[in-house]
Amino acid sequence: MGMNTQLARLCYASKTVKDENEIRQDLMDILTEAIDFNGRHQVHGVLYYGHGKFFQCLEGDSDIVNQLFYEKITKDPRHSNVVLLDLADIDYVKFSRWNMKYASYDKAMLRFFSDRGMAEFDPYALQEQRLEEFVDYLLKI
């Protein structure tokens with residue numbers, strides 16, 4: 001990244017268009033594409049899937065992250081109801097160890113949400129403080 005690069009973090013939620021038993025191949029394809037693209041463009045982040053919903057956080061050059069979201073992700077037919085949860089300038093990349101980390105569904109994740117008054121994983125319900133807590137949680141697991 002160049003000297004004048006502005007870094008950004010973009011987080012969004014979406015819903016799968018597939019049945020729960022058909023999602024595995026989409027997840028593998030999404031991760032493969034993300035790791036390839038992100039590796040070539042110095043983009044980092046995390047993907048989480050559960051209860052028919054996706055949460056993704058992308059970090060990197062602001063122009064690249066925005067272009068990726070608006071020109072590719074929002075038009076991807078594998079999901080719908082794409083909602084931008086947060087777009088912020090950042091000073092450093094938290095997920096620098098991963099081009100695209102995949103955080104798998106587990107009981108601890110259910111506790112994270114139940115401790116915050118939610119019955120299940122629902123990325124659409126993440127407000128600013130909870131979103132930051134969730135991103136930090138994904139970083140640790």
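Annotations for the structure displayed:
- Residues in the stretch 118-130 that are over 9 Å from PHE55 (Cβ atoms) and aliphatic (A, V, I, L, M) were compared, and the one that is nearest to the chain's Cα centre (by Cα) is ALA125.
- Count of the stretch 21-30 residues which are open to solvent by less than 80 Å² (accessible area, probe 1.4 Å) and in contact with a strand residue (DSSP E or B) (Cβ under 9 Å, 6 or more places away or on another chain): 4
Quick grid of which residues meet (1) within 22 Å of LYS15 (Cβ to Cβ); (2) modelled with pLDDT of 90 or more; (3) of a type in the set (D, E, K, R):
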{"position": "LYS75", "(1), (2), (3)": "yes, yes, yes"}
{"position": "HIS79", "(1), (2), (3)": "yes, yes, no"}
{"position": "ASP91", "(1), (2), (3)": "no, yes, yes"}
{"position": "SER96", "(1), (2), (3)": "no, yes, no"}
{"position": "PHE121", "(1), (2), (3)": "yes, no, no"}
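- In the stretch 8-30, the condition of being touching a residue at least 60 places away in the same chain (Cβ under 8 Å), more than 14 Å from PRO123 (Cβ to Cβ) and assigned to a loop (DSSP other than H, G, I, E, B) is met by at least one residue.
The values are calculated or read from the model by the stated rules, or taken from the named source; none is laboratory data. Here the structure is a predicted model, which means the values were calculated and not measured. So basically every Cβ, Gly included, is an ideal-geometry build from the backbone, and we count neighbours across all protein chains shown. SASA here: full protein model, heavy atoms, side chains in, ligands and nucleic acids out. Shrake-Rupley method; radii C 1.70, N 1.55, O 1.52, S 1.80 Å.
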